[in-house]
Amino acid sequence: MPDALAVWENVKDMSTTLAPPAPLRIGPITLDAPVVLAPMAGITNTAFRRLCREYGAGLYVSEMITTRALVERNATTMRLIRHHESETPRSIQLYGVDPATVEAAVRIIVEEDHADHVDLNFGCPVPKVTRKGGGAALPWKTELFREIVERAAKAAGSVPLTVKMRKGIDSDHLTYLEAGRIAEGAGVAAVALHARTASEFYSGHADWSAIAKLKETVTSVPVLGNGDIWSAEDARRMMAETGCDGVVVGRGCLGRPWLFGDLARELGTGHAAAPVDATLGFVAAAFRRHAELLVEFFESEDRGCRDIRKHVAWYFKGYPVGGDLRAKLATVSSLEEIDELLATLDLEAPYPGAAAEGQRGRAGTPKRPALPDGWLDSREIGHAASTALADAELDTSGG
């Protein structure tokens, strides 16, 4: 039984609870709350990270950065790796398939002081990535995975390097335990597991028992769990059931950045803000603040307001906001327009309870993973696989 658990039993039932919270240490970084924001494409930019940080504690990771684009110093990529002065510690996630390119990208981050933590993404299930052997498909090629992680860890030096992965390609091709051992041996500071396979995408329920198995396998560095954390109670339950050292939260915080405050109160060891009363007025203010930060990030009111449109359904899930008003909010082009629309809401409307809870974002359906021809025939890299990998570094994300 994991050391973090304390179990008690009475006549009627058995309840499992966590022992008093402990800070999460990832290399030299100490987090009062054992919580990590999962990288999400088009979501976890500086604006959203700053917003989440205003509500709670944790490690807030950038959108995924492709190593090829970083090494080539693509202008958009160089902008994406910038952090606001308020962001500490700074965290960047990299995606790459070529060991030399990944190593070079890590060196750029470290030598030019772009971040205090680097994460490697081996969890992307997007077909256009796995079809070319990247993302969640890559750990199947054991020695390639080993070389990438070893060279990246060496290049990182004193900057902690972590790995985020999935269980494997599908239920017949699981890789997470072996990949966890390899990453641990390569000197990573932590490993994170999204407890689904690539074939499951985000469907069904995450297999938390896999997180427990990884925790039993990887013993010298923290193991973080990811998948189906929609509330602070879910996070506590995952840690209790699996013994994992911390949680990685993705879709659960969409339209609900104050979840990190809930998590800090539930799991943290430091000061946490008082619980929020998530009235419609509170949510509207959070939405407006998000829009303001996006305008600052994009340095364009029109661009920032266009970006906030995709967040409308998430923020107002379950609240009495009519379809016509939602449609108008989803077409805004200025902060003034947002203010005018929000002013028409019943800001005293209370938190709607269960209607605002649960899954957020698209789950998708299980599907046969798209892979290069012959990818599953061998754990080694052949000529065809090498050719596919040459085109695998696409500007997309997931995990």
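Is there a pair in K132/K328; K164/K317; K141/K367; K213/K310; K132/K310; K164/K367 whose C-alpha atoms are over 31 Å apart, and which pairs would that be? The partial results should precede the final answer.
Values: K132/K328 40 Å; K164/K317 29 Å; K141/K367 21 Å; K213/K310 37 Å; K132/K310 29 Å; K164/K367 21 Å.
Flagged as over cut-off: K132/K328; K213/K310.
The amide H of A192, built 1.01 Å from its N in the peptide plane, has V163, K164, M165, L224 as neighbours under 5 Å, considering only residues 5 or more places off or on other chains.
At 1.4 Å probe size, with the rest of the protein present, what percent of the exposed accessible area of region 311-367 is carbon and sulfur atoms?
Working: 1770 of 3080 Å².
Summing carbon and sulfur atoms, their accessible area is 58 percent of the total for region 311-367.
Between S86 and E54, the modelled label-to-label distance comes to 0.6 nm, taking each label 7 Å out from Cα in the direction of the beta carbon.
What is the packing order of peptides 41-48, 162-169, taking the mean over residues of other C-beta atoms within 10 Å and listing the highest first? Mind showing how you got there, number by number?
Details: 41-48: 19.9, 162-169: 27.1.
Order by mean packing, descending: 162-169, 41-48.
What the chain shows is 41 Å² of accessible area per residue, with the surface traced by a 1.4 Å probe over protein heavy atoms. When the chain is treated as a GNM with alpha-carbon contacts under 10 Å, the residue of G96, G382, G361 showing the greatest mean-square fluctuation is G382. When the label point is put 7 Å from the Cα of E296 along its Cα-to-beta-carbon vector, which residues of region 33-65 have a backbone N closer than 15 Å? The answer is 45-55, whose backbone nitrogens lie closer than 15 Å to the label point. Amide H to amide H, with H built 1.01 Å from N, L59 comes under 5 Å of V35, V36, L37, counting only residues 5 or more places away or on other chains. Taking label positions 7 Å along the Cα-Cβ direction at both T365 and T217, the computed distance is 3.1 nm, reported to one decimal.
More than 21 angstrom separation, counting every C-alpha pair in region 117-264; what % is that? Looking at region 117-264, the distances longer than 21 Å represent 42 percent of pairs. Stretching the chain fully between S378 and S333 yields a gain of 11.0 nm (0.36 nm per residue, less the alpha carbon separation). Each peptide in 135-142, 179-186 was scored by the mean count of other Cβ atoms within 10 Å over its residues; highest first, the order is 135-142, 179-186. The long axis of helix 46-55 is offset from the longest Cα principal axis of the chain by roughly 70 degrees.
Scattering from the chain was approximated by placing one identical point on each alpha carbon and applying the Debye formula without solvent; log10 I(q)/I(0) at 0.11 1/Å stands at -0.79. Beta bridges assigned by DSSP with both partners in the chain are antiparallel in approximately 25 percent of cases. Helix 208-217 axis versus longest C-alpha principal axis of the chain: approximately 40°, rounded to the nearest ten. Mean sequence separation of contacting Cα pairs (under 8 Å, at least six apart), scaled by the length of region 235-335, corresponds to a relative contact order of 24 percent.
If a/c stays under 1.5 just call it rounded; otherwise compare a/b with b/c (prolate if a/b is bigger, oblate if not). Do that for region 54-204, with a ≥ b ≥ c from the square roots of the Cα gyration tensor eigenvalues. Kindly include the intermediate steps, with their values, before the conclusion.
Working: a/c = 1.58, a/b = 1.42, b/c = 1.11.
Prolate.
Could you grab the relative contact order for the chain? Cα pairs under 8 Å, six or more apart, rounded to a whole percent. Don't skip to the answer; put the middle values down first.
Numbers: 841 pairs, mean separation 83.8, N = 399.
Relative contact order, the chain: 21 percent.
Each Lys and Arg adds +1 at its Cβ and each Asp and Glu adds -1 at its Cβ; summed about the Cα centre, the chain shows a dipole of about 620 debye. Just the protein heavy atoms count here, and of the accessible area of region 87-165 at 1.4 Å, carbon and sulfur take up 47 percent. Per atom type, region 180-274 shows carbon and sulfur on 48% of its accessible surface, probed at 1.4 Å. Under 19 Å from the 7 Å Cα→Cβ point of K310, by amide nitrogen: which residues of region 282-301? Label zone hits: 287-301.
The values are calculated or read from the model by the stated rules, or taken from the named source; none is laboratory data. Keep in mind it's a predicted model, so treat the numbers as computed, not measured. Positions of Cβ are generated from backbone atoms using ideal geometry, with glycine treated the same way; all protein chains shown enter the neighbour counts. Remember, those area values only see protein heavy atoms, side chains included, never the ligands or the DNA or RNA. Shrake-Rupley method; radii C 1.70, N 1.55, O 1.52, S 1.80 Å.
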